[in-house]
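This report refers to the structure that appears directly beneath it.
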Amino acid sequence: MKPIITLAGLVLAMAATAVQAEPIVIKFSHVVAEDTPKGKGALLFKQLVEQRLPGQVTVEVYPNSTLFGDANELEALAKNEVQMLAPSLAKFEQYTKQLQVFDLPFLFDDLASVDRFQKRAKGRQLLLSMEKQGITGLAYWHNGMKQLSATKPLRMPSDANGLSFRIQPSGVLESQFAQLGASTKKIAFAETFDALQTGTVQGAENPWSNIYSKKMHSVQPYITESNHGVLDYMLVSNTTFWFAIPHQIRTQLEGIIEEVTYEVNRAAEAANQADRDRIRKAGTSEIIELTAEQREAWREAMRPVWQEFEPVIGADIIKAAQTVNR
Ligand code: LMR
């Protein structure tokens, strides 16, 4: 006897398949400690996803470069070996030059200005600047403004002359230090502490949260509160993976990302200030506050970088970013 497939039977069968289907797994890899703006954001994302999409989506978070590090995480994303990352904006140079706008020294007065730029049309467009390379930008997450640290006090730009600084892989950052007569080494974040400790480099630039969580202050006796640039992130996914997620689930994930982004960005500044305070209390490093004149001298010294990179970044983008300071 031929089996009769009714519509109701078909619907049931499909529903059963849906129930049995394996959950979508999102591996989220990053390079910083858990107790940092990005580290906490990744964990909050996992928590909300697993609360709201139980059995449908699972998130595995790998902090501290334990799954992939700076050297291979974007390659791993392209191969879909990891599905979510939040690299600092300085780490996308080989995919788009436009994001280098965020590395320009003294472009943004503070994190609130960075936030305004990211929310405006130009900033939002940049989230889609790597679609052709298969990278979809989902959100901007803040860390904070960068501070200069070194084995000697840096009060004026000439104090950096002859020192070697660890940088992220960004031409803008390389040029920024070259203006000071300093050399640079592009070193993965996971290896930065060792490089500072062993003297491979004498200085670095980091937000307070990264200095504190990686104990860099224990090997950098001087930290200049320069606030000369920003270290922020783009939460990214593999474009093919992301758009293959069923629409209804993807919409929920987007809603969760919006919530997490709000929380990360709301809390980042305070978290950095708390870590600044912890560093001060640790007593390992002198925190050097610059006078208005000293800060102006740093701004002037680094300023030529803007002109150098305007043709690659785009004058329109730099101009749009400049209008956000108040
Ligand atoms: C760095 O390499 O200094 C940062 O990009 C690390 C991070 O992800 O905050």
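Bear in mind these aren't lab numbers, they're just calculated from the coordinates by the rules spelled out. The structure displayed is predicted, hence computed values, not measured ones. Don't worry about glycine lacking a Cβ; one is built from the backbone with ideal geometry, like all the others, and counts go over all protein chains shown.
Some notes on this structure:
- The set of residues from region 73-92 being within 14 Å of the ligand (Cβ to nearest atom) and either surrounded by fewer than 18 Cβ atoms within 10 Å (Cβ to Cβ) or of a type in the set (Asp, Glu) (or both) comprises just one member, GLU73.
Table: residues versus (1) touching a Leu at 6+ places or on another chain (Cβ under 8 Å); (2) surrounded by 15 or more Cβ atoms within 10 Å (Cβ to Cβ); (3) aliphatic (A, V, I, L, M).
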{"position": "PRO207", "(1), (2), (3)": "yes, yes, no"}
{"position": "ASN210", "(1), (2), (3)": "yes, yes, no"}
{"position": "HIS217", "(1), (2), (3)": "no, yes, no"}
{"position": "THR224", "(1), (2), (3)": "yes, yes, no"}
{"position": "VAL230", "(1), (2), (3)": "yes, yes, yes"}
{"position": "GLN252", "(1), (2), (3)": "yes, yes, no"}
{"position": "VAL264", "(1), (2), (3)": "yes, yes, yes"}
{"position": "THR291", "(1), (2), (3)": "no, no, no"}
{"position": "GLU296", "(1), (2), (3)": "no, no, no"}
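- Pairs with Cβ under 7 Å, 6+ apart, first in region 35-49 and in a helix (DSSP H, G or I), second of a type in the set (Ser, Thr, Tyr) and within 13 Å of the ligand (Cβ to nearest atom): PRO37/SER209; LYS38/TYR233
- Taking strands (runs of 3 or more DSSP E) as the structural unit, no element lying wholly within region 130-194 holds at least 3 residues that are among the β-branched types (Val, Ile, Thr) and more than 16 Å from the ligand (Cβ to nearest atom).
- Condition check for TYR95 on (1) among the aromatic types (Phe, Trp, Tyr); (2) more than 16 Å from the ligand (Cβ to nearest atom); (3) in contact with a strand residue (DSSP E or B) (Cβ under 8 Å, 6 or more places away or on another chain); (4) farther than 20 Å from PRO37 by Cβ: one failure, at (2).
- Evaluation of VAL61 against (1) closer than 20 Å to ARG250 by Cα; (2) away from the ligand (no atom under 16 Å from the Cβ); (3) touching a helix residue (DSSP H, G or I) at 6+ places or on another chain (Cβ under 8 Å); (4) not in a loop (DSSP other than H, G, I, E, B) (one fails), failing number: (2)
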